[in-house]
Amino acid sequence: MRQEQEEVKPAVPPPSTSLQEFGQLRLPSTESSLHVMTIVGQIEGHMILPPQNKTTKYEHIIPQLVAIEQNPKILGLLVILNTVGGDVEAGLAIAEMLATMSKPTVSLVLGGGHSIGVPIAVAAGHSFIAETATMTIHPIRLTGMVIGVPQTFEYLEKMQERVVRFVVNNSGISTERFRELMFRTGELARDIGTVIVGKEAVQEGLIDDVGGLAQALSKLRQMCHIGAE
Amino acid sequence: MIYSIVPPEVIFAENIALKYPEEVVYLGKRVLVQPMDDRTCQIIQLLSSSPSDFLLPAFSPGNIITLHT
C-alpha cells in the first residue's frame, strides 16, 4: 500500500514528451518526396562568425545532404540560395556534394547568390535564377596579416583557381569569360568584379534558366519523373 | 578564407550586445533558438530539409518555447 502511494506521487514530474500541455495539437505532417535546402546569409565554415552574421553552417548542410542521398523516400532536392558568400572551403564542399549527388537537384537563386554562392548555384543538375536576383563575381580578398611575398599571391591564386575551375566545369561559361568578369574594373564601387542580374547570368552561360519557384519545382519533378503533387 | 561581398570589417565587427543562438532538439526536430532565461527560449530557425515541417505552427520563428531539462 505504502509502495503504491509512492508510485502515484513521484517526487519529480516526468518530462513532457508532447505539446499537449501547451494546448496545441501535433499536426499530421505529409511527407514530401522533394526536399528543400535554404542556403542563406553567410556560409559558415571553419570559423564561427560573430553573431551579427546570419549564417548557414556546413555542419548542418553536409550531413543533411548525406541523409537526403541515402533516404529512399526522398526523390529530389531543391536548393534555394540567398547568400552573400562566405567560407571558400565550406562553399566548395557543399558545391562538390551537390554536384556528386545521384538524386536530381535544382538550384534557385533568389535575391543574391554572390561570391562562393556562385559555385553552389552551378553545382545543381539544373539551375534557375529569379529575374531580380543578382550574382557578384569578384576576386578572393586577403584578410588579416598578409606577408608580402610571392607565396602569398600564389596561395591566393590557387584558392581562386579552385573556384574558377569548379564553376567552369559545372556551367556553360568559359574560363576566359569567367576570369574577365571576375577582374573587370569600373563596375563595382569598392572592388573589382561584375554584378550580373537575372537573365544576364543565363546569357553568360552560368545559370541554365530564368525562373521562380514554380519553374524550379516543375523542373525538379520532371527530373524525378513524378507528376504534380 | 572568406569569399564574400560583405567587407571583412563588417563580418568581424565585435558586437557584444548579441548572443549566439543555440541548437536544441524540440519535439524531435532540431531548432536554432535564442535563450531568454533558464527554461524559455525563442525559436529562430527550424533546421530541416522537409518542406512539410515548416507548416507546423509549433516551429514558427518567434515562438517562445519552454525546454524541459
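The table that follows gives values for the structure above.
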quantity: Spread of Cα-to-Cα distances over 5 Å intervals beginning at zero, given as percent, for region A:32-223; calculated: 1, 8, 16, 21, 21, 16, 10, 5, 2, 1, 0
quantity: Quarter of the Cα convex hull surface for region A:47-135, i.e. its orientation-mean projected area (nm²); calculated: 5.8
quantity: Chain A: antiparallel DSSP beta bridges as a percent of all, rounded to 5; calculated: 15
quantity: Residue order, fewest to most surrounding Cβ atoms within 10 angstrom, among A:Leu92, B:Leu32, A:Leu77; calculated: B:Leu32, A:Leu92, A:Leu77
quantity: Contact order relative to length of region A:32-223, as percent, for alpha carbon pairs under 8 angstrom and 6 or more apart; calculated: 20
quantity: Shape call, region A:80-193: gyration tensor on alpha carbons, a/c limit 1.5; calculated: prolate
quantity: Fully extended contour minus Cα-Cα distance, from A:Lys158 to A:Glu180, at 0.36 nm per residue; calculated: 6.2 nm
quantity: Three semi-axes of the equivalent ellipsoid, region B:17-66, Cα gyration tensor, whole Å, largest first; calculated: 19, 11, 9
quantity: Prolate/oblate/rounded label for region A:67-115 (Cα gyration tensor, a/c 1.5); calculated: oblate
quantity: Residue-averaged [θ]222 nm for chain B, counting only DSSP H segments that reach four residues, each worth -39500 (n - 2.57); calculated: -1000 deg cm²/dmol
quantity: Backbone HN-Hα couplings from phi across region A:109-116 [Karplus 6.51/-1.76/1.60, Hz, Gly and Pro as x]; calculated: 8, 10, x, x, x, 8, 6, 6
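Laboratory data are not the source of any read-out in this text; all were calculated from the coordinates shown. Just so it is clear, the model here is predicted, and its values are computed rather than measured. Neighbour counts are summed over all protein chains in view; Cβ atoms, including those assigned to glycine, are modelled from backbone coordinates with ideal geometry.
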